[in-house]
Structure formats: structure tokens, C-alpha cells
Amino acid sequence: MKKSNFKDPFKEQREQQGTAKMDDQGDPVTMVLRLKDVRKCAHDWNRFRSGATPGRIVVPSEVHIRGTRQIPFEVDPPLHKKYRDLMEDWFRRPLQEPYRSALRAQIQELVDHALKGHRFEIVEDFALPLQSKALTLLLNIPLSEAEVWISWGTHVFRSEETKLDKEKASILYDYIDRKIEDALAAPGEDLYSKLLTSELDGRRLTKEEVKGVMILTFAGGRDTIINAVTNSLVYLAEHPEQLVNLRKHPELAARAVEELIRYYSPLTHMGRVASEDTSVCEHAVKSNTRISLCWASANRDESVFDRPDEVILDRKMNPHVGFGFGHHKCLGATHARQVLMLLLQVVAENVTTIEIEGLKENIEDLDRFERQVGFQHVWARFQ
Amino acid sequence: MINITFITQAGESKTVQASSGTIMELARQHGIEGIDGDCGGVCSCATCHVHVDPAFAEVVGEPSDIEKDMLELDDHADAYSRLGCQIEIEPSFDGLILTVAN
């Protein structure tokens with residue numbers, strides 16, 4: 001079987017039950033597995049809340065390692081919209097030409113380096129530097145700052161030994177605190193400064209609020225982008241005909257990105273907390289217990305997607321939820337789409353073969369399910 | 001070439017010429033406010049929601065089931081809602097008026 005084929009571990013449970021129970025540090029989760037149910041629950045913010053104890057809607061829960069509320073992600077309407085409105089324009093900057101050209105140049109440099117013929121490791125030597133460099137554009141800060149983030153390694157607050165690592169988490173949180181102080185002392189054109197001067201209900205955002213936005217920006221866009229980039233390259237390595245196809249038809253990249261996001265679903269699921277005794281798909285959900293919106297399962301729902309377990313790069317009808325759904329849909333999606341689209345185009349223009357010389361899968365343990373989210377390492381050669 | 005008019009939520013009206021492609025692509029080419037088309041037209045993001053002028057409802061046609069499922073959860077949806085990415089422009093659309101939903 002091809003290494004770029006990722007099994008759908010939820011299939012049987014989704015078809016037969018529609019939900020699944022999962023334990024997580026003593027705070028159980030009802031995973032919602034079907035696309036329509038996932039969408040409905042995501043839409044119904046009043047019944048399924050995000051504004052719970054900070055860290056609780058993340059699975060595995062981060063309540064023991066984080067006190068700062070991530071914004072706007074852990075806030076419910078109507079306050080949610082006020083935060084989101086402050087940020088929408090900034091997070092749409094990736095559509096502008098100077099941003100796109102700078103991003104393209106970063107990718108070109110990484111591809112040129114990889115093309116020198118040596119064996120390299122895709123996760124550490126390509127995906128992580130690409131994610132970090134691209135993030136300097138989203139934050140509008142000097143490229144050199146990427147070196148700091150690259151030095152943190154692939155998991156900002158997840159380590160291989162323990163799933164949730166408080167010490168690693170504090171590296172990021174302390175770093176953001178310092179950067180907020182720097183921006184207060186010498187405001188610039190960066191995201192920190194932009195947030196610090198933003199006003200909500202006639203007052204400035206607090207340092208804690210700015211920290212909440214920045215944690216989300218760093219954490220939400222790290223493993224997800226690294227996995228999406230790595231998985232896409234492994235897919236292309238095993239489908240050289242699609243490299244040719246993308247070279248001949250660069251306009252195909254837009255649909256290809258959506259399909260790769262659907263198939264690989266970089267974020268498996270996201271939680272909500274029930275505000276009342278209720279039910280999902282005929283399964284009881286008690287008040288103040290958690291559900292998770294399982295994007296990864298929904299994206300393989302055979303009642304919606306034709307041949308869901310195949311990557312069909314030019315898939316025309318693709319109502320996936322890889323970037324979430326509803327008012328909490330991924331704020332960084334515009335950035336992520338540009339990263340992947342330009343990656344596909346630059347690789348197709350410059351690379352004829354990607355040879356995989358070894359790899360190690362990255363498997364997520366979801367209690368009763370095991371799901372491959374990407375790779376720990378992939379050793380490869382570009383030609 | 002045919003004429004298609006977009007009316008934005010701010011009440012601005014813009015008439016543009018079209019020949020082929022989708023309504024979402026047309027709106028993006030002309031920078032129509034409220035039509036983002038984030039997913040590029042694969043019916044995933046619902047950021048190209050328009051209300052079709054009732055006089056043209058039959059000409060433009062009904063949404064597919066997948067499109068209906070997307071619209072069902074949009075707070076601004078009504079009987080004339082469509083996603084622009086799912087409407088292929090045809091000559092019979094000449095004079096069509098679309099109100100941008102968001």
C-alpha cells in the first residue's frame with residue numbers, strides 16, 4: 001500500500017453509530033463522526049459552547065497547561081464576532097500580491113536547496129522551516145525570527161514522551177509575553193502592535209487578550225501546516241503523474257489544495273461543551289460534558305463524498321470541513337491555502353521526481369482509534 | 001456577452017459583463033464586496049452566497065442536495081439562496097440581478 005494512503009479509522013463507527021465515546025484525562029468526549037452532524041453541531045453555538053474553561057475544548061485537553069483563553073477561538077457569540085472583526089482583514093493579507101510573491105520566494109529557496117541532490121528530511125528540513133518562515137509574513141515581522149521558532153522543533157507543546165508538556169508550552173507562552181512587551185515599548189507594523197492598538201467596545205485589547213490571539217496563531221498553524229506540507233509532498237512522491245499534471249495545469253492547484261486538506265485533515269477534531277442535556281445523532285449528551293467535531297471523520301463521509309478514500313485532485317464537489325465550519329472556521333485558512341497552493345506550483349515547476357528513502361509515521365492515539373496525521377520523519381531526495 | 005448585476009449588503013449596485021465561468025468567479029474578478037470564494041469553488045466555504053432575483057429563479061435553477069445542506073445552516077438563507085460557485089453562467093442569464101447575502 002502506498003505510504004500516502006491514510007486509512008480512515010472512523011469508517012465503521014461512523015456508518016453504524018455516528019458517534020464514539022473517547023476518554024481524555026478523565027473528561028470524556030463524544031466524538032461526532034458524520035458530516036451533517038458535525039456541521040449542525042458546529043453551527044449550533046448556543047447548545048455546544050466554545051467559551052468553556054480555557055483549554056477544555058481542545059482534545060487532548062489543555063486545562064492543566066494553559067490558563068490563557070485563546071481568542072477568538074474559545075469565545076462564543078456575540079463577543080466572538082467583535083474579536084473576529086478586528087482580525088479578519090489582517091488574516092486575509094495572504095491574498096495580496098506582495099505577500100504571495102514573498103511566500104513564493106521562500107518556497108522557491110527551500111525547493112532549490114532540496115534540489116542540490118542530497119538526501120534530506122522533509123519534516124525538519126523543509127516543512128518546519130517553510131511553516132516558520134511563512135509565519136513571519138503572517139505576523140509581518142523580519143524573516144530572521146523564523147530561526148527562533150525552527151529551534152523549538154516540530155512540537156511547541158507536545159513532546160513524544162508525554163502528550164502535553166507544560167515546560168514546552170511555557171517556552172511559547174514566555175516568548176509571546178516578551179514579544180508583547182517589545183511591541184508595547186516600540187510599536188511597529190506587526191501583528192502584536194496591530195492587536196495592542198485595536199479597540200473593542202471603546203477600550204484597547206489587554207495584554208492577556210493579545211496573548212490569547214497570538215497563542216492561537218502560533219499553535220493552530222504549526223503542526224497542522226507541517227503535516228499538510230509533508231503529507232502533500234509524500235503524495236506527490238508517490239504520484240509523479242500528478243506532478244506532471246500540475247505543471248501542465250497550474251490552475252489545478254486550487255482544487256488540489258482543497259482535496260489534500262479534505263483527505264489528510266490536518267486537525268482531527270475540535271471540542272465543544274454542551275450547555276444543556278441534549279443529544280447528537282440520537283446519542284445522549286449530558287450538560288457540561290464534551291463533544292468533538294471530528295473533521296477527519298466527516299471528511300471521509302461516504303454519504304457525501306464520492307470515493308472518499310481516494311485523493312482526487314480535481315474533485316469538483318468537495319464540501320469538506322478541513323478548516324472547520326461556521327463562525328469558528330479557521331482564521332488562518334487563507335494563509336494555509338496560499339502556502340499549499342504555492343508549494344504545489346513551485347514543486348511542480350521545479351521537481352520531476354521525489355524519491356522517498358525512508359519514513360516514520362506519526363500516529364495519533366484517540367483512545368479507541370488510531371489515526372495517522374502525518375509523519376515523524378521522511379527522508380527524501382528531490383530531482 | 002450578457003449583463004449581470006450584483007447588489008451588495010451596503011446597497012451598492014454593480015453591473016458587469018459576463019460570458020462564461022461561475023457567478024463566484026465573475027464576482028471575484030470584479031471585486032464584489034461580500035463574495036470571497038475562499039475554497040476556489042468546490043462548495044466548501046459558503047462565502048459566495050447570493051439571493052437570486054425571483055424573476056430569474058427558474059432560469060438559474062435549484063441548488064443540488066450538497067449545496068442545499070450548506071445553505072441550510074446559513075443564517076441569511078432564503079428560498080432564493082444559491083452559492084455562486086455552483087452557478088455556471090449561461091446566455092439566458094442576461095439581466096440577472098443577484099443580491100450578495102453577506
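Note down the nm distance, to one decimal, between modelled labels 7 Å out along Cα→Cβ at B:GLU62 and at A:GLN376.
5.4
Under a crude label model (7 Å from the Cα following the beta-carbon direction), how far is A:ASP112 from B:GLU33 in nanometres?
So the two model labels end up 4.2 nm from each other.
Find the accessible area per residue for segment A:231-285; the probe is 1.4 Å, ligands and nucleic acids are left out, and the unit is Å².
That works out to 36 Å² per residue.
Checking an interface number: how much accessible area is buried between A and B, summed over both chains, with a 1.4 Å probe, in Å² rounded to 100?
About 1600 Å² of accessible surface is lost on pairing.
Want the number for A:TRP90 to A:THR353: 0.36 nm per residue separation, take away the alpha-carbon distance, what's left?
Length gained, A:TRP90 through A:THR353: 91.0 nm.
What does the average come to when, for each residue of peptide B:33-44, you count the partner chain Cβ atoms lying within 10 Å of its Cβ?
Whole-number average of other-chain Cβ neighbours for B:33-44 is 6.
Which whole-Hz couplings ³J(HN,Hα) result when phi for each residue of segment A:75-88 is put into the Karplus expression 6.51 cos²θ - 1.76 cosθ + 1.60, θ = phi - 60°, listed in order with x for Gly and Pro?
10, 9, x, x, 4, 3, 5, 5, 5, 4, 4, 5, 10, 3
Near A:THR30, within a Cβ-to-Cβ distance under 15 Å, what is the net charge of the other residues, with Lys and Arg +1 and Asp and Glu -1?
Net charge around A:THR30: +2.
Name the shape class, rounded, prolate or oblate, that the alpha-carbon gyration tensor gives for segment A:328-383, where a ≥ b ≥ c are the square roots of its eigenvalues, rounded holds for a/c under 1.5, and otherwise prolate holds if a/b is larger than b/c and oblate otherwise.
Oblate.
Excluding ligands and nucleic acids, what accessible area in Å² is computed for B:ASP74 using a 1.4 Å probe, to the nearest 10?
Its accessible surface works out to 30 Å², give or take rounding.
Can you give the FRET efficiency to the nearest 0.05 for A:SER303 and A:ALA186, using r as the Cβ-Cβ distance and R₀ = 41 Å?
0.15
Label chain B by shape, choosing from rounded, prolate and oblate, from the square roots a ≥ b ≥ c of the eigenvalues of the Cα gyration tensor; if a/c is under 1.5 it is rounded, and otherwise prolate applies when a/b is larger than b/c, oblate when it is not.
Rounded is the answer for chain B, as its axis ratio a/c remains below 1.5.
In nm, what is the difference between 0.36 nm times the number of residues separating A:ARG119 and A:GLU238 and their Cα-Cα distance?
Result: 41.1 nm gained on full extension.
Leaving out ligands and nucleic acids, note down the accessible area per residue over chain B with a 1.4 angstrom probe, in whole Å².
47
If I model a spin label at B:TYR80 and B:MET1 as a point 7 Å from the Cα along the Cα→Cβ vector, what separation in nanometres do I get?
Going by the 7 Å Cα→Cβ label model, 2.6 nm.
What does the net charge come to around B:ASN3 if you take all other residues with beta carbon closer than 12 Å to its beta carbon, with K and R at +1 and D and E at -1?
0
Ranked highest first by the average count of other Cβ atoms within 10 Å around their residues, in what order do B:58-65, A:121-128, B:91-98 fall?
Taking the mean over residues of other Cβ atoms within 10 Å, the ranking is A:121-128, B:91-98, B:58-65.
Share of segment A:1-135's accessible area from carbon and sulfur, percent, 1.4 Å?
Here carbon and sulfur together make up 51 percent of the probe-accessible area.
Tell me the mean residue ellipticity at 222 nm calculated for chain B from its helices only (DSSP H runs of n ≥ 4, each -39500 (n - 2.57), averaged over every residue, nearest 500).
-4500 deg cm²/dmol
Rounded to the nearest whole Å², what accessible area per residue is found for segment A:1-156 with the 1.4 Å probe?
43
Could you please report the charge total around A:SER279, scoring K, R as +1 and D, E as -1 over all other residues with beta-carbon less than 11 angstrom from its beta-carbon?
My count for the surroundings of A:SER279 gives -2.
If you roll a 1.4 angstrom probe over the protein chains with everything in place, what fraction of the accessible area of segment A:298-342 belongs to carbon and sulfur, to the nearest %?
In segment A:298-342, the share of accessible area belonging to carbon and sulfur is 52 percent.
List the aspartates and glutamates whose Cα sits under 19 Å from the Cα of A:LYS207, skipping any in the same chain fewer than 8 residues away.
Cross-link targets: A:GLU74, A:ASP85, A:ASP174, A:ASP177, A:GLU181, A:ASP182, A:GLU189, A:ASP190, A:GLU199.
Would you work out if the protein assembly as shown is rounded, prolate or oblate? Take a ≥ b ≥ c from the square roots of the eigenvalues of the alpha-carbon gyration tensor; rounded if a/c is under 1.5, else prolate when a/b is larger than b/c, oblate otherwise.
It comes out rounded by the Cα gyration axes.
What are the residues of segment A:280-323 that lose 40 Å² or more of accessible area, with a 1.4 Å probe, going from their chain alone to all protein chains?
A:LYS316, A:MET317, A:PRO319
The values are calculated or read from the model by the stated rules, or taken from the named source; none is laboratory data. It should be emphasised that the depicted structure is a prediction, and the values quoted were computed from it without experimental measurement. Neighbour counts are summed over all protein chains in view; Cβ atoms, including those assigned to glycine, are modelled from backbone coordinates with ideal geometry. All accessible areas refer to the heavy atoms of the entire protein, side chains included, with ligands and DNA or RNA removed. Shrake-Rupley method; radii C 1.70, N 1.55, O 1.52, S 1.80 Å.
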